[in-house]
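The values are calculated or read from the model by the stated rules, or taken from the named source; none is laboratory data. Quick caveat, the model's predicted, so the values are computed rather than measured. Here the Cβ is made from the backbone with ideal geometry for all residues, glycine too, and neighbour counts use every protein chain on show.
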Amino acid sequence: MNTETDTTTPTLKVVKGAFASAQDALTSGYRTVSESTDDFVHESPWKSIAFAVLGGVIIGMLAAR
């Protein structure tokens, strides 16, 4: 009756490994995007404000429908 546990354990390890590598990839991507956004905001703050206002206007118009 222990064979069922023996066959699921390798699969569980594979799935955990896949999730861990996916998490590492997402974390790396998030850090890259976060750093580039921070650089953009510091280099051109007025463009950042304009993009935020434009996004707010668009979301406001869509919410008003």
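Please name all residue pairs, on different chains or six or more residues apart, with Cβ atoms under 8 Å, provided the first residue is in region 25-47 and is on the phi < 0 side of the Ramachandran plot and the second residue is of a type in the set (Gly, Ala, Ser) and not in a helix (DSSP H, G or I).
none
Let's see how each residue does on (1) surrounded by 10 or more Cβ atoms within 10 Å (Cβ to Cβ); (2) part of a helix (DSSP H, G or I); (3) at pLDDT 95 or above:
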residue: GLU4; (1), (2), (3): no, yes, no
residue: VAL15; (1), (2), (3): yes, yes, no
residue: GLY60; (1), (2), (3): no, yes, yes
residue: ALA63; (1), (2), (3): no, yes, yes
